[in-house]
Each structure stands twice: as structure tokens, then as C-alpha cells.
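The numbers here are math on the coordinates, done by the rules we state, and not lab data. Model, not experiment: these values are computed from the prediction. Here the Cβ positions follow ideal geometry from the backbone for every residue, glycine too, while neighbour counts run over all protein chains shown.
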Amino acid sequence: MQVPVDLVIDHSVQVDVARSENAVQANMELEFQRNNERFSFLKWGSNAFQNLLVVPPCSGIVHQVNLEYLGRVVFNLDGMLYPDSMVGTDSHTTVIDGLGVAGWGFGGIEAEAAMLGQPMSMVLPGVVGFELSGKLCNGVTATDLVLTVTQMLSKHGGVGKFVEFYGCGKISLADQATIANMSPEYGATMGFFPIDHVTLQYLKLTGRSEETVAMIEAYLRANNMPHDQVPLKEMKTDWHSCLDNKVGFNGFAIPKEVQNKVLNYGSVVIAAIISCTNTSNPSVMLGVGLVAKKACELGLQFKSWIKTSLAPSSGVVTKYLLQSGLQKYLNEQGFHIVGYGCTTCIGNSGDLDESVASAISENDIVAAAVLFGNQNFEGRVHPLTRANYLASPPLVVAYALAGNRE
């Protein structure tokens, strides 16, 4: 390889086993059984080629692994320092922009050419500046912020642009990565955050050595480099409008006389907490654990027909959920950890319960999935969920308890 190549295996895990203490182990074993030949080939490749690092299965989602471990920020090649940059074969490669590394997604053929040392060309995009000021109010998550940013940039026109965030806004690097992660959703080539003290603090937090962080800071100083959003209060009205509207975008044309059954239109059948980066945002994930704890204390229980799952993008999440004592409450609400990979977000939802699947198919029910993920267009999450909503983790748990989009 002519340039450093990092390959992270994260698209092979599927939610076959859920709501079980041994879900991670069971799903991992099935993952290895199905993909043994592929994994053996990749292991051979990692030894046969220079500059190729293969991160094994069950390590996490590529973008979070990149953020926590692989991203250099500043390259050091035999004493020659230069800014880190990257391209990746996934639209959400832009997560790394939250760390101050210029990166975006591109195609597989382009990737092969780049690995062999060929230059890549592109039309120089326009740049859109986006000022952030103040701080998030209590109860407002990074998901709420990024959905608002997406809405604003969709109106302004950010498609194909380099969006650079600036200003005196006080947000964590995890929040920055959340906003950068959603660049494809607001149509930008990347959503870039310049390097600052928050970046350096994060590098220390994630285990980069003091010498490495000092080198990065010294180099930067020397070079003078410091979807449809539905408000929660309108959800019920919006949902009924979707049922009533003619078939098309935001419309299912369901007659009013058949909209109410036991498993009815709007019933949530999948509740999944999974995202490239957002599932490693400590404030968000500890928040969802507290919601689950409160639900347990109040005697509330998730609905039995819902397939619930939690797939963090990094093993770090498991550690702080266990150490905080919150994972046990998530388990009680059905959100056992099922693995470390893209799972539901890329359609690896696994099968629904047979009785649920039959009820949906036989009655032509518009069933819903609620996920803390990145993409929710019809057919992506599961063939039987026609109404898919993105929501913050606390809301995913709340809808698992409610059982219906209303």
C-alpha cells in the first residue's frame, strides 16, 4: 500500500439474538461462522501488505474507532510533520471532521486507486461557515442540535459544500463528532471543526500519549492552526397526518376505520440504539441509562412485541455503563448490548418475532421503527417497518415503553 490503510470490520454483525445477557457472545459467534473465510482472507492481507491495518470484528464501528484510536490529527513520518487527512468508503467518514481532521466519503474504485498511490481529483467545493454560540440547555441533546443544524443547512443550501463550524459555542468533542457525522444528511461533503483545546483534551482522554499530544499542539501553534425534524409535541398530529395523506412522501393513505387495532398503525416493533458516533457520547448514553433506571423504579416495562437492542459504537460505552451501574436497568428494559457494529442502521435488524411479522404482513399494518441512528428511509431499517424515525436514546426507550408512535 502506498498510503496508510485502516480497515475496520463493522458491517458483518447482525441482531440475531436480542434481550439476552449473552447476546454479544451469541451474535459474535454467528458472525464468525458466517464470515470465517472472509476474516481469514483479511488476516492474511494484513500480514501480506505493508501499511495495512485490519481492526478485527467486535471492535466497534469504523468511525468511532477512527475517532478514539486511529485518527492522528498530525502525521509524523520520520520527523516530517504534516496535517492528517483521510477519505473512507462510507458516507459517515465525516465523523473525523469533529476531531479537526479533514475527511469525507468516496467510492470503492477511488479507494483502490488511492491505496495504490494514484491521486484523487475533485472540483474544489464552496465553503459555508456556520457559527455556533452559547451552550445547549438542560435536556437538549446533541441529536436535537444536529437535527436543527440539518434543517437550517437544508434551507440555506449546503449540498456539496465544505461546512466549517466556528464561534464561541461550548460543546464537547463528542457533540462536534455528532454534528460532523450527519454531514451526509445535510448534503455537505464534510462538516469541519477546527482543532482547539477541546480536541487536545479529547486526545488525552482517549489514551494518546502526552508526548503525542504535545507534538500535535507544538506543530499546530507553529503553523497558526488553532431529516425531517418533527417536534415531540407535534408527533401525534404529524403521525395521523401521515396516515391520512395520500401515498407518497409522508403519506400512507390508510382509511380511518382501520387505523386502530391491538398491533395497529404506528405500533413500534423495533427500538434500537445504534449510531456511528452518537452512541459513544457519554452525556447522551448516561442519560438513556437514567431514563431506563427511572422506568424500572416506576414499574414501567417495554412492550413485549418490540425488538429492542443496544449496539454501542465502542467498547468504552460498555465500560462506563457497567461501572455506573446503569446497564442493568437498560437490560431490564430489553436494551441488552447485542454487539459492536452498524446492525439496525444498515438493515441488519434480524428477524422480528414470527407473530409480529405475520400480523404486519396479513393486515398491511404501517409499523414503526424508532432508532438512534443516521438513516431512516423506507426499506433501510427492516422490510416490515414502513415508518422509521430517528430519535435521541431517551426517546427510543420512551417509545419502547409506550409501544406506539402516538
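Long-range amide H contacts for Val55: which residues qualify at under 5 Å (H placed 1.01 Å from N, peptide plane, sequence gap of 5 or more or a different chain)?
Leu7, Val8, Ile9
Taking the highest mean first, how do the peptides 14-26, 31-43 order by number of other beta carbon atoms within 10 angstrom per residue?
Result, highest mean first: 14-26, 31-43.
How large is the dipole of the chain about the Cα centre if only Lys and Arg carry +1 and Asp and Glu carry -1, each at its Cβ, rounded to the nearest 20 debye?
On the way: 26 positive and 37 negative charges, 143 e Å.
Roughly 680 debye, rounded to the nearest 20.
Using alpha carbons only, how many angstrom separate the centre of the stretch 270-345 from the centre of the stretch 165-204?
24
Applying a 10 Å radius around every beta-carbon, put 55-67, 343-355, 126-138 in order of their mean neighbour count, most first. Present the calculation step by step, with values, prior to reporting the outcome.
Details: 55-67: 23.7, 343-355: 19.2, 126-138: 11.9.
Per-residue mean Cβ counts within 10 Å order the peptides as 55-67, 343-355, 126-138.
Round to the nearest 0.05 the FRET efficiency obtained for Tyr69 and Met235 when R0 = 41 Å and r is the Cβ-Cβ distance.
On the way: r = 38 Å, r/R0 = 0.92.
Efficiency, from the Cβ-Cβ distance: 0.60.
Quick one: how many lysine pairs does the stretch 247-406 have with C-alpha atoms less than 24 Å apart and a gap of 8 or more or different chains? Give me the count, please.
Number of lysine pairs found: 14.
Which ordering of Asp196, Asp84 is given by a fewest-first count of other beta-carbon atoms within 10 Å?
Numbers: Asp196 14, Asp84 18.
Placing the least packed residue first, the sequence is Asp196, Asp84.
Give me the percent of DSSP beta bridges within the chain that run antiparallel, rounded to the nearest 5.
20
Got a sec? How would Tyr320, Tyr329 order by Cβ neighbour count within 10 Å, fewest to most? Each step should come with its number before you reach the end.
Working: Tyr320 16, Tyr329 21.
Starting with the residue having the fewest Cβ neighbours, the order is Tyr320, Tyr329.
What percent do you get for the relative contact order of the stretch 60-222 when only Cα pairs under 8 Å and 6+ apart count?
Once normalised by length, the contact order is 26 percent.
Mean residue ellipticity at 222 nm from the helices of the chain, using -39,500 (n - 2.57) per DSSP H segment of n ≥ 4 over the full residue count, to the nearest 500 deg cm²/dmol?
The helix contribution divided over the chain gives -11000 deg cm²/dmol.
Show me the ranking of peptides 359-367, 149-157, 172-180 by mean Cβ neighbours inside 10 Å, starting with the highest.
Values: 359-367: 17.3, 149-157: 15.6, 172-180: 25.1.
Listed from highest to lowest mean packing, they are 172-180, 359-367, 149-157.
On a C-alpha basis, how far is the centre of the stretch 25-51 from the centre of the stretch 1-21 in Å? Whole number, if you could?
One Cα centre to the other: 10 Å.
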